Structures are given as structure tokens and as C-alpha cells.
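Visitor: Below is one structure. I have some questions about it.
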Amino acid sequence: MRSLIDILDLTVDEIETLIDTANDIIDNPAKYSEKCRGKKLATLFFEPSTRTRLSFEAAMYELGGNVLGFSEAQSSSAAKGESVADTAKTISCYADIIAMRHPKEGAPYVASLNASIPVINAGDGGHNHPTQTLTDLLTIRREKGKISDLTVGFCGDLKFGRTVHSLITALSRYNNIKIVLISPEELKLPSYVKKDVLDKNGIEYTETTSLEEAIPTLDILYMTRVQRERFFNEEDYLRLKDSYILEPSKLAHAKSDLCIMHPLPRVNEISVSIDNDPRACYFKQVLYGKYARMALILMLLEEAKK
Ligand code: NCD
């Protein structure tokens, strides 16, 4: 059974096809409005979410399907001690496809080994978030017209930010991508990502603590929130949370066609006064997330028939 746990579960060609489908859905929504009639998506969210869960649900409704699920661990039998494996077996009796978010790295993978329906990783701890990556790649293709020959800056919590890990992994398969890693010392990109992804694929990258210095070189600036829930103590979080705040003055030396992205939620790291700047792409990114997930649901349900 085909699932999506890691962005590398998809080939570059398959990602291109998903982006093409998402673009076609944007242009011709009526063509897709009955494609999942009679099908059910289960959203199993053991961690908070606004965009990911609701974009999955909106995606399934816009495909003519239905949705069931839970949005917190406490309201599921996990609170009674049920294993992820048993939950996956159970939900396979009720639904056609699962989107799962879990605080433990690897939990959606365990679910996929035990489910008889496709499982989509909707974020596992500080590890991966492949559907945000599809969203991000669709955004980059629409905003830049290509996913190549770009300098992409990642700023903020690069240690715990799962969206960062997945997007860097995805970008490492495209041509002439340069990466600039902007973070405090304590929140640098994990060395396993540097070694297994950047070094292995020969990707050119630099590390800096200065957003100001990096900004003029960037085609894309991917801002992230400091991931409070992954910290071991509150003092460290409070000390680091406002390390970077993107304000209009910081954009003075940015390229005029810079694309500012953020997976959201935003806490403080982008001033609201940037929201109306034409370079702010993060709310478009939210909308594209629904279309990327529609394309993915279609693909996995089609594969499940085989
Ligand atoms: C991200 C996540 O859950 O990892 N949010 C999202 O899905 N758009 C980013 C975050 O929580 O900071």
C-alpha cells in the first residue's frame, strides 16, 4: 500500500505530476468535484493543527468525499493507552485514507506498516512534514516559475523545524539550488540533515546567524517559528523565541522579487506590517496547501486501487 511518510517516497517526476495536477485543480475545480465521491479521509491529529488538518478536510470535501477523525490525542483511545499500530488497524476498517500528525518521530510510519489503507504523514515530531513540502514546492513553482537556480534562505528554528528538514531534502534533488541557513547557534540544522542530505547531494550551503547579511542574496526567504513544544525548558525558549523578527526595514536590501514564505503559524517572526508587501507569499502558501493535498489524495487513492 502506497503511503507518504517522507518526501523522498515520491520521485521528482511524481512531484512534478502532483504540482501539475494541483495547478489544474486551481484552474478547473469543477472537473475534480466528484472524484472522491463515496471515499472517506480520516484525520488523526495527536498534536495541534489549524492549516494542515483543515486543508486536508477542505481538500477531501472539494473532491466530493467525506471526512472523519479526531483533533487531539485526549479524545481518542490513545488516552487509554492504545498503540498507534492498533489505531491504524482500526481506522482501516472505517476510512479509505489516513492523514496522521503525531508528536513522536516515526509514528505515521508505524501506522503505515499496520494500516491496510494509505497513510499520509501530516507532521511527525521534529522530523518530517512532507505535505507542507508539496505545498512549498507548489508555491515556489507558482511564484518563481521554476524549482531550480534559486538561493533559498531558511531562518529561525532549523533544529526542530520539520518543515525545514523536509523542504531541504526535497530541494536537494533539483538543479542549482543554493541554501543559506540562518539560525542561532543552538537551533542550527541537525548534522544528520547536513550530512545525509546537503553533503551527500553536493548542495552548496552556508550557515550564518545574521539575517541582515543573508537577505540581499536570497530569492526565497523561508521564515519559521521557534518550536516551543520541542524545547526541554522554558528559559531556553524565552531566550531564543525572538531571535529573528522580519520587519520592513530588514527588506531594504532584499531583491525586489524576493518570495517570503512561512509554513505558519506565525508568532512574532514576521511583522504584520509585511503582510501587504507583494513579496509576502505566506497566505498564498496556505491556499496552495489545499490544492497540493487534493492532488496527493487523488494520487494515493488511485494507487490504492492497483
Ligand atoms: C508547521 C508544522 O506543524 O510543522 N505548521 C504547518 O503545518 N503549517 C510549522 C510550525 O508549526 O511551526
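Visitor: Among the aspartates and glutamates, which have Cα under 18 Å from the Cα of K80 when same-chain residues fewer than 8 positions away are ignored?
Guide: List returned: E47, E72.
Visitor: Treating the angle as unsigned and between 0 and 90°, give the value, to the nearest 10°, between the Cα long axis of helix 130-144 and the longest Cα principal axis of the chain.
Guide: Long axis of 130-144 versus the principal axis of the chain: about 50 degrees.
Visitor: Kindly provide the chymotrypsin sites (Phe, Trp or Tyr not before Pro) of region 219-261 that DSSP labels as loop, not H, G, I, E or B, and whose Cβ sees at most 12 other Cβ atoms within 10 Å.
Guide: The qualifying sites are F232.
Visitor: I've got another one for you. Given bins 5 angstrom wide, list per bin the percent of all Cα-Cα distances in region 130-285, short to long.
Guide: Distribution as computed: 2, 9, 20, 24, 22, 15, 6, 2, 0 percent.
Visitor: Still on this structure: Listed highest first by mean packing, meaning other Cβ atoms within 10 Å per residue, what order do 148-160, 267-279 come in?
Guide: Ranked by mean Cβ neighbours within 10 Å, highest first: 148-160, 267-279.
Visitor: Same structure, new question: Residue-wise, which Karplus ³J(HN,Hα) couplings in Hz belong to region 173-186, taking 6.51 cos²θ - 1.76 cosθ + 1.60, θ = phi - 60°, and x for glycine or proline?
Guide: 9, 9, 7, 6, 9, 10, 10, 10, 9, 10, 7, x, 3, 6
Visitor: Give me the percent of the accessible area of region 7-78 that comes from carbon and sulfur atoms, probe 1.4 Å, all protein chains in place.
Guide: The value for region 7-78 is 48 percent carbon and sulfur by accessible area.
Visitor: Right, here's the next one. If you place +1 on the Cβ of every Lys and Arg, -1 on the Cβ of every Asp and Glu, and leave all else neutral, what size is the dipole of the chain about its Cα centre, to the nearest 20 Debye?
Guide: Roughly 680 debye, rounded to the nearest 20.
Visitor: If amide hydrogens are placed 1.01 Å from N in the peptide plane, which non-local residues have theirs closer than 5 Å to the one on A99?
Guide: Amide H neighbours of A99, under 5 Å, 5+ apart: A42, T43, L44, I120.
Visitor: Going by average Cβ density within 10 Å per residue, which order do the peptides 25-35, 128-138 take, highest to lowest?
Guide: Ranking the peptides 25-35, 128-138 by packing returns 128-138, 25-35.
Visitor: Is region 80-165 best put as rounded, prolate or oblate by its Cα gyration tensor, with a ≥ b ≥ c the root eigenvalues, rounded for a/c under 1.5, and otherwise prolate when a/b is larger than b/c, oblate when not?
Guide: oblate
Visitor: Hey, another quick one. Considering only protein heavy atoms and a 1.4 Å probe, what is the carbon-and-sulfur percentage of the accessible area of region 130-285?
Guide: Carbon with sulfur: 48 percent of the solvent-accessible area.
Visitor: Next question, about the same structure. Can you tally the lysine pairs in region 130-285 where the Cα-Cα distance is under 22 Å and the two residues are eight or more apart, or on different chains?
Guide: Close lysine pairs found across region 130-285: 25.
Visitor: Now a separate question. Considering only the other residues whose Cβ falls under 12 Å of the Cβ of A30, what net charge follows from Lys and Arg at +1 and Asp and Glu at -1?
Guide: -2
Visitor: Counting other Cβ atoms within 10 Å, keep those with at most 16, restrict to DSSP loop, and tell me which trypsin sites (Lys or Arg not before Pro) in region 44-148 are left.
Guide: Answer by residue number: K104, K146.
Visitor: Accessible area per residue for region 130-285 in Å², computed with a 1.4 Å probe and the full protein assembly in place, what is it?
Guide: Here the per-residue accessible area is 42 Å².
Visitor: Here is a follow-up. Mind listing the long-range amide H neighbours of K178? Cut-off is under 5 Å, sequence gap 5 or more, other chains count too, H placed in the peptide plane at 1.01 Å from N.
Guide: Long-range HN contacts for K178: L150, T151, V152.
Visitor: Straight-line reach from K31: which aspartates and glutamates have a Cα under 17 Å away, not including same-chain ones fewer than 8 places off?
Guide: Those aspartates and glutamates meeting the cut-off are D20, E62, E302.
Visitor: Next up: Nearest 10 degrees is fine. How inclined is helix 162-171 to the longest principal axis of the chain, computing both from alpha carbons?
Guide: Taking the Cα atoms of the chain, the angle to 162-171 is about 80 degrees.
Visitor: Would you please put 288-299, 178-189 in order of how densely packed they are, using the mean number of other Cβ atoms within 10 angstrom per residue and starting with the highest?
Guide: Ranked by mean Cβ neighbours within 10 Å, highest first: 288-299, 178-189.
The values are calculated or read from the model by the stated rules, or taken from the named source; none is laboratory data. In this text, all values refer to a predicted model and were calculated from it rather than measured experimentally. Every residue, glycine as well, gets a Cβ built from its backbone with ideal geometry; the counts of neighbours run over all protein chains shown. Note: areas computed on protein heavy atoms with side chains; ligands, DNA, RNA excluded. Shrake-Rupley method; radii C 1.70, N 1.55, O 1.52, S 1.80 Å.
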